[in-house]
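A short reminder: the numbers here are calculations on the coordinates, not readings from a lab. Keep in mind that what you see is a predicted model, and the values were worked out from it rather than measured. Quick reminder, even Gly has a Cβ in these numbers, built from the backbone with ideal geometry, and neighbours come from all protein chains shown.
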Amino acid sequence: MGRIITVVNQKGGVGKTTTAINLAACLAAQGQKTLLIDIDPQGNATSGVGFDKTNSQQNIYHVMIGEIGLADVVQSTSFSLLDLVPSNTKLVGAEVEMVNLKERENRLKAALEQLKQDYQFLIIDSPPSLGILTINSLAATQSILVPIQCEYYALEGITELLNTVRLVKRNFNQSLKIEGFLLTMYDRRTRLSIQVANEIKNCFKDRVFEVLIPRNVSLGEAPSFGQPIIHYSKHSQGAKAYKSLAGEVLLRG
Ligand SMILES: Nc1ncnc2c1ncn2[C@@H]1O[C@H](COP(=O)(O)OP(=O)(O)OP(=O)(O)O)[C@@H](O)[C@H]1O
Ligand SMILES: [Mg+2]
């Protein structure tokens, strides 16, 4: 059965989507059949691997409200061994429409049952909120990977996130684990980055991934070309870092 990892942090712009896309792509490049699942109405993971998020085709929204199964919306990407479950803004409506649906916290989990045998990794990109979509991703996942941006207020909201994880664990997903905390947008020239990195390592110790994701121009550019970094700029520092992350994830197996 595949390993399901959710990239989560309700704080916006910390590198969740960049991490989900590039971890998924690096795992696929290492021979692991991988499914990238976009459960954010912003659809950035969808466009980041080359799909048009304005397209009206069926997507994760139709799965969440129970119209169709997850297998019906899987798209193969142009990258070997990497598939996508797309999202778009329609998913905003799901928050409201799901209110009266039964087992509303477990809908993604139920949908994944159909597919988790078919992949070695399933990587979920979650939205910047702790709403029902994120709760669904936490209920469905085996572990969480939490990107933390090396900036002021880096740890803001982490307590709230961990409280939510605890609640989900108690109510919906007893075996939920923390895969690790990932330091993102690290700039080794700034004292602030170094301070934040040290603070987080003191706080979470060996649960912090060894690799630091550097602030890297190519990582910022790649999404507008619809390509993961290992295809857009394979010798960049960003590509090296995400390859190392995939290596750590494989080792932690
Ligand atoms: N290591 C990096 N170096 C340079 N730019 C980066 C890096 N990581 C992410 N970015 C850029 O920073 C912005 C925010 O990143 P990203 O979209 O991955 O964050 P997010 O947590 O998914 O945001 P949201 O909360 O809106 O979903 C994007 O424009 C992205 O291209
Ligand atoms: Mg995102």
Can you report the principal axis dimensions of the stretch 128-207 using only the alpha carbons, biggest first, rounded to whole angstrom?
43, 24, 16
I'd like the chymotrypsin sites (Phe, Trp or Tyr not before Pro) in the stretch 135-214 restricted to DSSP loop residues with at most 11 other Cβ atoms within 10 Å, sorted by number.
Tyr152, Tyr153
Rg (Å, one decimal) plus Dmax (Å, integer) for the alpha carbons of the stretch 11-68?
12.6, 34
For a footprinting-style exposure proxy, rank Glu179, Glu156, Glu221 by other Cβ within 10 Å, fewest first.
Glu156, Glu221, Glu179
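Rounded to the nearest 500, what is the 222 nm mean residue ellipticity of the chain from helices alone, with -39500 (n - 2.57) per DSSP H run of 4+ residues and division by all residues?
Working: 11 runs with 100 residues, N = 253.
Dividing the helical sum by the residues of the chain leaves -11000 deg cm²/dmol.
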I'd like to know how the chain sits against the 2.2 N^0.38 Å rule of thumb: what's its Cα Rg over that expected value?
0.94
Quick one: order Met98, Met64, Met1, Met185 by neighbouring beta-carbon count within 10 Å, fewest to most.
Met1, Met98, Met185, Met64
Over the alpha-carbon set of the stretch 54-144, divide Rg by the Kirkwood Rh and report the Rg/Rh ratio to two decimals.
0.93
Could you give the nm distance between label points at Leu162 and Glu221, where each point is 7 Å from its Cα heading toward the beta carbon?
3.9
Hull volume per residue for the stretch 1-118, using the convex hull of the C-alpha atoms, in Å³ is 104
In whole angstrom, note down how far apart the Cα centers of the stretch 116-159 and the stretch 1-72 are.
12
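May I ask you to derive the FRET efficiency for Gln174 and Gln57 from their Cβ-Cβ distance with R0 = 30 Å, giving the value to the nearest 0.05?
Once rounded, the FRET efficiency stands at 0.25.
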Which of rounded, prolate or oblate describes the stretch 111-253 when judged by the alpha-carbon gyration tensor and an a/c cut-off of 1.5?
oblate
Sorted by Cβ neighbour density within 10 Å, fewest at the top, the residues Ile148, Ile200:
Ile200, Ile148
What FRET efficiency comes out for the pair Ser129/Glu199, r = Cβ-Cβ distance, R0 = 25 Å, nearest 0.05?
0.50
